[in-house]
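Take a look at the structure below.
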Amino acid sequence: MSNIVILCCVLAAGLLQPFQVAMNTKLDKVSTSPPVAAFITFAGGAIVALLLWLSGAMSRGDPLKLSQAPWWTWLTGPIGVTIILSALIALPRSSAAVVICLMVSGQALSSLAMDHYGWLDVKKIPINGWRIAGVILIIGGTLMMQKK
């Protein structure tokens with residue numbers, strides 16, 4: 001798959017994120033339980049992932065090798081629940097644009113540090129003025145999105 005196709009897929013996933021937050025918020029409102037809403041989200045995702053794996057549409061890999069994964073890889077589930085719960089709790093008190101912009105600002109800050117230090121085995125890319133300016137612009141944009 002070409003890089004442009006992959007980047008378009010990432011953009012499409014980003015376009016879907018505000019919808020997911022709003023849908024999760026509706027699930028929370030109907031169920032009156034943020035953990036139930038998060039569970040429904042993860043259960044649906046697990047079913048789709050299982051079907052993709054069983055169909056062979058993507059690599060089936062070797063699930064037995066998961067025992068070799070670093071300890072920190074097992075934190076993805078709890079981190080995912082934290083992300084979902086924080087967004088569905090914040091959306092009714094704010095707006096979809098502000099919630100997503102805050103998430104992107106947090107992602108930009110943590111990924112800048114992650115790249116710089118090579119945390120979690122990502123490729124090291126040193127912090128420079130351009131990258132800092134980019135994060136400042138993202139945070140500035142987030143502040144602007146809060147104005148009504």
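The values are calculated or read from the model by the stated rules, or taken from the named source; none is laboratory data. Nothing here was measured: the structure is a model prediction, and the numbers come from that model. Positions of Cβ are backbone-derived with ideal geometry, glycine not excepted, and every protein chain shown enters the neighbour counts.
In summary, residue 53 fulfils each of the numbered conditions (1) over 26 Å from residue 110 (Cα atoms); (2) loosely packed, with under 12 Cβ neighbours inside 10 Å with the single exception of condition (2).
When residue 125 is tested against the conditions (1) modelled with pLDDT under 95; (2) surrounded by 13 or more Cβ atoms within 10 Å (Cβ to Cβ); (3) over 17 Å from the mean Cα position of the chain (by Cα), the lone failure is (1).
Within the stretch 112-138, the set of residues being on the phi > 0 side of the Ramachandran plot and of a type in the set (D, E, K, R) comprises 121 only. So which residues in the stretch 115-148 are of a type in the set (S, T, N, Q) and free of Cβ contacts under 8 Å to residues at least 40 places away in the same chain, if there are any at all? Of everything in the stretch 115-148, just one residue is of a type in the set (S, T, N, Q) and free of Cβ contacts under 8 Å to residues at least 40 places away in the same chain, namely 128. For first residues located in the stretch 39-66 and not assigned by TED's automatic domain parsing to the domain that holds residue 88, partners that are surrounded by 10 or more Cβ atoms within 10 Å (Cβ to Cβ) and lie 6+ apart or on another chain with Cβ distances below 7 Å do not occur.
Among the residues of the stretch 85-96, those that are of a type in the set (Gly, Ala, Ser) and either farther than 24 Å from residue 135 by Cβ or part of a helix (DSSP H, G or I) (or both) comprise 86, 87, 90, 96.
Against the numbered list (1) at positive phi; (2) in contact with an Asp or Glu (Cβ under 8 Å, 6 or more places away or on another chain), residue 88 comes up short only at (1). Quick check on residue 102: is it surrounded by 13 or more Cβ atoms within 10 Å (Cβ to Cβ) and either modelled with pLDDT of 95 or more or not assigned by TED's automatic domain parsing to the domain that holds residue 19 (or both)? Yes: the conditions hold for residue 102. Within the stretch 54-64, being part of a loop (DSSP other than H, G, I, E, B) and of a type outside the set (A, V, I, L, M) holds for 56, 59, 60, 61, 62.
Does the stretch 15-37 contain any residue that is closer than 24 Å to residue 122 by Cα, of a type outside the set (Lys, Arg) and within 19 Å of the chain's Cα centre (by Cα)? Scanning the stretch 15-37, I find at least one residue that is closer than 24 Å to residue 122 by Cα, of a type outside the set (Lys, Arg) and within 19 Å of the chain's Cα centre (by Cα), so the answer is yes.
Each row is one residue, and each column tells you yes or no for (1) of a type in the set (A, V, I, L, M); (2) over 17 Å from the mean Cα position of the chain (by Cα); (3) not in a loop (DSSP other than H, G, I, E, B).
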position: 66; (1), (2), (3): yes, yes, yes
position: 80; (1), (2), (3): no, no, yes
position: 83; (1), (2), (3): yes, no, yes
position: 98; (1), (2), (3): yes, no, yes
position: 105; (1), (2), (3): no, no, yes
position: 114; (1), (2), (3): yes, no, yes
position: 133; (1), (2), (3): yes, yes, yes
position: 136; (1), (2), (3): yes, yes, yes
position: 141; (1), (2), (3): no, yes, yes
